[in-house]
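Trainee: Below is the structure I would like to discuss, written out as structure tokens.
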Amino acid sequence: MAVGNVRLIRHGRTAYNAAMRLQGQIDIELDEVGLWQAHTCAEVLAGGTKPARILVSDLSRAVETARVIASRFDNVEVIVDERIRERSFGPWEGMTGEEISANWAEEFAQWRGGAEPEVEGIESKSEVADRMLEAIEEHSADLSPKQTLFVVSHGAAISCAIAGFLGEDASQWRGVAGMSNVHWSTVARNTSADAQPAWRLVEHNTGPSVVYGKNAWENGPEDAEAQVPIDPVRTASSVSFGEA
């Protein structure tokens, strides 16, 4: 029987996030604020539903976020799958919006407007949605309707996956806003087998920023508004990661 709930979690902040650079599939580690975000969010998640397993992108910023979250749950299986990684943005990766616009003005305007820019190396949103859902279905097929799968991924990839869950064309649909770092969205399977779409979006962009404030969450524990609930020290985890 298929899993009942899928919680899609974005990774913590990186230096590229802070500099407003498009990361795509460049492998960037969490910065210190991102690590604090991961620990803070893990503390919140630990008070709720335990995941049956955690599926994670192979990019280090996602793996490290998943490791922190997994450390709050006993004996949770964590599986790394490259199909959960971020959308590829080809030659735009590593650039700021200004840098992209200077060289691809028309294509950048199309992208900002929600269209698919015709630039070699940029993965289509439909392709991202397809690989995301394929991996999620594969790794949740043996779970029950009462169980929850955590998926630690990336902003654009999660938006594409949500469109796919809701039966929308990811290349055309822009029905949800972007996500903050280490916030999550949850989809729940409809109880009726005949319901269309088969999934409902029951949470979107949920996380600790509602308590700390947007600026404090983005700037980290040294921000004057932030009240740090836990020690954001990097800790070793004994979680065993499997490769898909």
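Trainee: Stokes-Einstein diffusion coefficient for the chain at 10 °C in a medium of 1.306 mPa s, Rh from the Kirkwood formula over Cα pairs: what value in µm²/s? Walk me through the numbers before you get to the answer.
Mentor: Details: Rh = 18.3 Å.
Estimated diffusion coefficient is 87 µm²/s.
Trainee: Once phi is turned into θ = phi - 60°, what whole-Hz ³J(HN,Hα) does the Karplus curve with 6.51, -1.76 and 1.60 give for every residue of the stretch 12-26, x standing for Gly and Pro?
Mentor: x, 5, 10, 4, 5, 4, 5, 8, 6, 9, 6, 7, x, 9, 5
Trainee: Straight-line reach from Lys146: which lysines have a Cα under 18 Å away, not including same-chain ones fewer than 8 places off?
Mentor: Lys50
Trainee: Hey, another quick one. Which of Ala105, Gly94, Ser126 sits closest to the plus end of the dipole of the stretch 8-131, meaning its Cα is farthest towards the positive end, when Lys and Arg get +1 and Asp and Glu get -1 on the C-beta?
Mentor: So the residue furthest toward the plus end is Ser126.
Trainee: Over the chain, with a Gaussian network built from C-alpha contacts below 10 Å, which listed residue (Val202, Val182, Val33) shows the highest mean-square fluctuation?
Mentor: Val202
Trainee: Which three lengths, in whole Å and largest first, does the stretch 38-147 cover when its Cα atoms are put on their principal axes?
Mentor: 49, 30, 21
Trainee: Okay, next question. How large are Rg and Dmax for the stretch 1-87 when calculated on the C-alpha trace, in angstrom?
Mentor: Rg, Dmax (Cα atoms, Å): 13.1, 44.
Trainee: Which ³J(HN,Hα) values, rounded to whole Hz and listed in residue order, are derived for the stretch 133-143 from phi using the Karplus coefficients 6.51, -1.76 and 1.60 in 6.51 cos²θ - 1.76 cosθ + 1.60 with θ = phi - 60°, glycine and proline given as x?
Mentor: Values per residue, Gly and Pro as x: 5, 4, 5, 5, 4, 4, 8, 10, 4, 8, 8 Hz.
Trainee: Still on this structure, please answer the following. In whole percent, how big is the carbon plus sulfur part of the accessible area of the chain, probe 1.4 Å, protein atoms only?
Mentor: The computed percentage sits at 46.
Trainee: While we're on this one: Treat every Asp and Glu Cβ in the chain as -1 and every Lys and Arg Cβ as +1, leave all other atoms uncharged, and give the resulting dipole magnitude about the Cα centre to the nearest 20 debye.
Mentor: Working: 21 positive and 37 negative charges, 186 e Å.
The calculated dipole for the chain is roughly 900 debye.
Trainee: Here is a follow-up. At 1.4 Å probe radius, can you tell me the per residue accessible area of the stretch 84-154 in Å²?
Mentor: Per-residue value: 48 Å².
Trainee: If you don't mind, another one. To the nearest 500 deg cm²/dmol, what mean residue ellipticity at 222 nm is calculated for the chain from DSSP H runs of n ≥ 4 alone, each contributing -39,500 (n - 2.57), summed and divided by the residues?
Mentor: About -9500 deg cm²/dmol.
The values are calculated or read from the model by the stated rules, or taken from the named source; none is laboratory data. Since the structure is predicted, the reported quantities are computational estimates derived from the model, not experimental observations. Cβ: placed from backbone, ideal geometry, glycine included. Neighbour counts: every protein chain shown. Just so you know, the surface numbers come from the protein's heavy atoms only, side chains and all, with ligands and any DNA or RNA stripped out. Shrake-Rupley method; radii C 1.70, N 1.55, O 1.52, S 1.80 Å.
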